[in-house]
Amino acid sequence: MAVETIPFREKSIVFIGFMGVGKTTIGQLVAKKLYRDFIDIDKEIEKEFGIPTSEVFKTLGEKTFREKEKEMINFYSKKRLKIISVGGGAFLQEEIRRICLENCIVFFLDLSWESWKERLSLIIDSRPVLQGLTLEEMEKLFYERQGIYSTYNSKLQTDSLDAEEVADYIVDSLKLAWDIYGRH
């Protein structure tokens with residue numbers, strides 16, 4: 001059976017990066033600017049189970065969460081014209097990295113440890129992986145995860161930019177790439 005190749009201009013876009021870097025906020029802005037549907041994989045998992053992701057982790061376990069995450073990413077990454085935000089730990093799975101890179105344009109939203117720390121109070125309650133960790137343990141996790149984000153199509157350092165600036169930069173970059181590569 002022949003696999004359908006999605007034209008470059010119609011490929012879905014996936015945002016990766018550490019939890020709290022702004023994948024959802026930026027993804028929603030980019031989706032609006034490009035007139036595409038926005039898919040937050042964590043929200044899709046919550047809809048599927050009928051409980052928040054933190055409860056999925058607590059009651060069903062991380063393994064169940066990761067399996068559902070892989071299933072949803074596999075499904076949505078093969079769709080056209082989507083903007084997809086994946087959880088900070090999704091790229092821990094080699095298969096998810098492969099699926100995203102084969103089917104989508106992957107943007108790594110990078111943020112320094114110092115800038116991320118400033119956001120901690122805003123995100124800690126909604127991130128089950130951070131529960132019970134000391135700041136030192138969080139820093140260790142932050143740097144360990146940086147390695148899993150090393151495979152992407154484009155990387156953007158977001159420290160000195162607000163979400164609107166990041167979204168505009170991404171949209172402009174995509175339009176340029178579509179003009180250059182979309183003809184081939």
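Brief remarks on what is shown
- Set of lysines with alpha-carbon distance to LYS11 below 22 Å, sequence-local pairs under 8 removed: LYS23, LYS32, LYS33, LYS43, LYS70, LYS78, LYS79, LYS82, LYS155, LYS175
- From the coordinates shown, percent of Cα pairs over 27 Å apart corresponds to which of (1) 26; (2) 30; (3) 39: (1)
- DSSP beta bridges confined to the chain are antiparallel in about 5 percent of cases.
- Taking GLY88, GLY20, GLY132 as the candidate residues, the one with maximal mean-square fluctuation in a Gaussian network model of the chain, Cα springs under 10 Å, is GLY132.
- Under-5 Å amide H pairs with ILE105, H placed in peptide plane, nonlocal only: SER12, ILE13, VAL14
- Gain upon complete extension [GLU48, ASP125; 0.36 nm per residue less C-alpha separation]: 25.6 nm
- Projecting the Cα positions of SER160, LEU122, GLY88 onto the charge dipole of the chain (unit charges on Cβ atoms of Lys, Arg, Asp and Glu, taken about the Cα centre) puts GLY88 furthest along the positive direction.
- Here's how it looks for SER85: its modeled amide H is under 5 Å from those of PHE15, ILE39, ASP40, ILE41, which are all 5 or more places away or on a different chain.
- Calculated FRET efficiency, ILE6 to GLN146, Cβ-Cβ distance, R0 = 45 Å: about 0.95 to the nearest 0.05.
- Partners for LYS63 among aspartates and glutamates (Cα-Cα distance below 16 Å; same-chain residues under 8 apart left out): ASP42, GLU46, GLU48, GLU55, GLU71, GLU94, GLU95
- Segment 126-184: trypsin sites (Lys or Arg not before Pro) in DSSP loop, at most 16 other beta carbons within 10 Å: ARG183
- What segment 96-184 shows is 57 Å² of accessible area per residue, with the surface traced by a 1.4 Å probe over protein heavy atoms.
- Between PHE18, PHE57, PHE108, the residue with the greatest mean-square fluctuation in the GNM of the chain (Cα pairs under 10 Å linked by springs) is PHE57.
- Computed on segment 16-133, with alpha-carbon pairs under 8 angstrom and 6+ residues apart, the relative contact order is 37 percent.
- Considering helices alone, the calculated mean residue ellipticity of the chain at 222 nm is -15000 deg cm²/dmol, with DSSP H runs of length four and up weighted by -39500 (n - 2.57) and normalised per residue.
- Contour excess over end-to-end distance, with Cα ends at ASN74 and LYS32 and 0.36 nm allotted per residue: 12.8 nm
- Distance in nm between pseudo-label sites at LEU135 and ASP159 (7 Å out along the Cβ direction from Cα): 1.8
- Distant-in-sequence amide H partners of MET19 (H built 1.01 Å from N, under 5 Å): GLY88
- Net charge dipole, the chain: roughly 680 debye, given to the nearest 20, about the Cα centre with Cβ charges of +1 for Lys and Arg and -1 for Asp and Glu.
- Contact order relative to length of segment 41-110, as percent, for alpha carbon pairs under 8 angstrom and 6 or more apart: 30
- Solvent-accessible area of segment 25-184 (1.4 angstrom probe, protein heavy atoms only): carbon and sulfur portion equals 50 percent.
- In this rough spin-label picture, where each label sits 7 Å from Cα along the Cβ direction, the ILE180-SER112 distance is 2.7 nm.
- Most mobile listed residue (PHE142, PHE15, PHE107) in the chain, GNM with C-alpha springs under 10 Å: PHE142
- The P(r) of segment 125-184 has a tail past 14 Å containing 72 percent of all C-alpha pairs.
- Inter-label distance, nm, simple model (7 Å from Cα along the C-beta direction), LEU81/LEU60: 3.0
The values are calculated or read from the model by the stated rules, or taken from the named source; none is laboratory data. Everything quoted here is computed from the prediction, not taken from an experiment. Positions of Cβ are generated from backbone atoms using ideal geometry, with glycine treated the same way; all protein chains shown enter the neighbour counts. When the accessible area is computed, the model is the full protein with side chains, heavy atoms only, and any ligands, DNA or RNA have been set aside. Shrake-Rupley method; radii C 1.70, N 1.55, O 1.52, S 1.80 Å.
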